[in-house]
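What follows is a set of notes on a single structure, which appears directly below.
The values are calculated or read from the model by the stated rules, or taken from the named source; none is laboratory data. Since this is a predicted model, take the numbers as computed values, not measurements. Note that we place each Cβ from the backbone using ideal geometry, even for glycine, and neighbour counts take in every protein chain shown. These area figures cover heavy atoms from the full protein model, side chains too; ligands, DNA and RNA do not enter into them. Shrake-Rupley method; radii C 1.70, N 1.55, O 1.52, S 1.80 Å.
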Amino acid sequence: MAAAAAAVPLRVCHQEIVKFDLEIKAAVQDIRDCPGPLSALTELNAAVKEKFRQLRDRIQELEQMAKEQDKESEKQALLREVENHKKQMLSNQAAWRKANLACKIAIDNSEKDQLLQGRDILRQRKTTKESLAESASNITESLMGISRMMSQQVQQSEETVQTLANSSRTILEANEEFKSMSGTIQLGRKLITKYNRRELTDKLLIFLALALFLATVLYILKKRLFPFL
């Protein structure tokens, strides 16, 4: 009965050592697969560290039990198991360190990729801003060109209006001159008509004077040549 009662804590200790060993292996795999960030890795490492502490305590407890065994054969057998568990724990610790190193390298590479992507995004934003600034500058130049063209069109329109005004004034002046010339022509026509009438009268008077002259000459000739008549 005493031997059976002593075997219970020993069996429980073996079971806990196996349990912690399996849990540590699973936690090491979780660390190897951890995508980050570093805070998540820190939490996993804290949990693994606690598992290693518990495993070490159970191995020490098993070693103490081995030293308390009465039979030398059982004592040596348990001490060999203790050494195997210590070697397994050292192997787990080595795997833990490798998993941490691999995880940190993966996180560093991920952060570098994110940094490069951030730089690319910043570069794209800078390029976009430069493109927008260039587009805004081109639009401003276009608007300024349109403004200058509209100003020129307005100036040309003003010049055209001024030219039309001058032309209108010239036409009015020409119209006034035409009216003046029309009055002069009308007066000239009246003078010509009057002159034609006076010429006709002069011709008639000349004709009458000539007729009177001829009658006088004939009368004188008649008196000189034919006095008896």
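What to note about this one:
- Nearest-10 value in Å² for the accessible area of I171, using the 1.4 Å probe: 110
- Here the dipole of the chain is about 2740 debye; that uses its Cα centre as origin and unit charges on the Cβ of Lys and Arg (positive) and Asp and Glu (negative).
- Accessible area (Å², 1.4 Å probe, nearest 10) - I139: 100
- Most mobile listed residue (V18, V28, V217) in the chain, GNM with C-alpha springs under 10 Å: V217
- For region 101-146, the extents of the C-alpha atoms along the principal axes are 66, 5, 5 Å, listed from largest to smallest.
- Counting only protein heavy atoms and a probe of 1.4 Å, the accessible surface of region 1-130 is 55% carbon and sulfur.
- Each helix, a run of at least 4 DSSP H residues, gives -39500 (n - 2.57); summed and divided by the residues of the chain, these come to -36000 deg cm²/dmol at 222 nm.
- Residue among N196, Q117, Q93 farthest towards the positive dipole end of the chain, charges placed on Cβ: N196
- Under the span-like rule (Cα at least 20 Å along the axis, Kyte-Doolittle mean at least 0.0), DSSP H helices of the chain: 2-33
- Cβ-based charge dipole, the chain, positive-most Cα from M65, Q152, I105: Q152
- Kirkwood Rh in Å, taken over all unlike Cα pairs in region 68-147: 19.1
- Comparing A211, A94, A40 in a Gaussian network model of the chain (Cα springs below 10 Å), the most mobile by mean-square fluctuation is A211.
- Rounded accessible area of K51 (nearest 10 Å², 1.4 Å probe): 60
- Computed across the chain, the Kirkwood hydrodynamic radius from all distinct Cα-Cα pairs reaches 31.6 Å.
- At R0 = 25 Å, FRET efficiency that the Cβ-Cβ distance of K75 and E43 yields, to 0.05: 0.05
- Here the simple spin-label model places points 7 Å from the Cα toward Cβ, and for K98 and L172 these points are separated by 11.0 nm.
- Gaussian network model of the chain, Cα within-10 Å springs - most flexible of L204, L79, L101: L204
- FRET efficiency estimate (nearest 0.05) - Cβ-Cβ, E111 to A136, R0 30 angstrom: 0.25
- Stokes-Einstein translational diffusion, region 29-90 - Kirkwood Rh over all Cα pairs, 0.890 mPa s, 25 °C, in µm²/s: 182
- With both labels modelled 7 Å from their Cα along Cα-to-Cβ, the F207 to Q29 distance reads 15.5 nm.
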